[in-house]
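Each reported figure results from applying straightforward, stated rules to the coordinates on display, with no laboratory input. Predicted, not measured: the structure shown is a model, and the values here were computed from it. Cβ: placed from backbone, ideal geometry, glycine included. Neighbour counts: every protein chain shown.
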Amino acid sequence: MNRTKLIALLTPAAVVLILDQITKYIIRTSPELHNKVLIEGWLRLYYTQNPGMAMGIDWLPTIVVSSVAILAVTGILVYLLRSIETASIGYLIFMGLILGGAFGNISDRIFMGYVEGNGGILEGHVVDFIYFSLQINDWTVFPYIFNVADIGISVSIISLLIFSKKLLPASQKEEPAAEVDVAGEERAVEEISKK
């Protein structure tokens, strides 16, 4: 396995995971930060726990969401490791951001139930705390509260969409053009003309 490509995948994953868990720990253990205005009318820290999916979607029990998330990330990781040789460095870096973000939120789901005392394994809620509070009239422009893991995932997905032609691995290698058999074609033309 290509060591450089493996580093390109795992380094951003580790950075996002570590930053995510450190910031969540600081917010969780600092009550003075649970509701703090950083930029008046624009940005605030607002500590909350999300039992559901991204953007507060809460259709399924937490344990189901956690299990599906673990299965999905495992599938992505297996796919990446199997296709690492054909993947570009840029693609692997952005996929590393996704993995780091996913592992950050999954670790909350695995451990936060115990830490916060609201459940067991896979029953933890994801810690969210970044809130863009900008409002136009009574409408909040971006009403979702998120975390560092979500930033890693979002930046990666947007980048992969914008730069997909440069970053995404080719699904099939182009077949080499067939060599033209000029002599064979000339013989075929002669045979037809003789008839």
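Here are a few things to note about the model shown:
- Ordering 146, 129 from the fewest to the most neighbouring beta carbons within 10 Å gives 146, 129.
- Principal axis extents of the Cα atoms in segment 78-137, from largest to smallest and rounded to whole angstrom, are 43, 41, 12.
- Cα gyration tensor, segment 40-147 - rounded (a/c under 1.5), prolate or oblate: oblate
- Highest-first arrangement of 114-124, 87-97, where packing means the average Cβ count within 10 Å: 87-97, 114-124
- Of the residues 65, 78, 73, 127, the one with the fewest other Cβ atoms within 10 Å heads the list, and the complete ranking is 78, 73, 65, 127.
- In plain terms, the residue of 163, 132 with the fewest other Cβ atoms within 10 Å comes first and the most crowded comes last, giving 163, 132.
- Stretch gain in nm, segment residue 15-residue 163, where the contour uses 0.36 nm per residue and the Cα spacing is subtracted: 51.1 nm
- Rounded, prolate or oblate (a/c below 1.5 giving rounded, otherwise prolate when a/b exceeds b/c) for segment 1-90 by Cα gyration tensor: oblate
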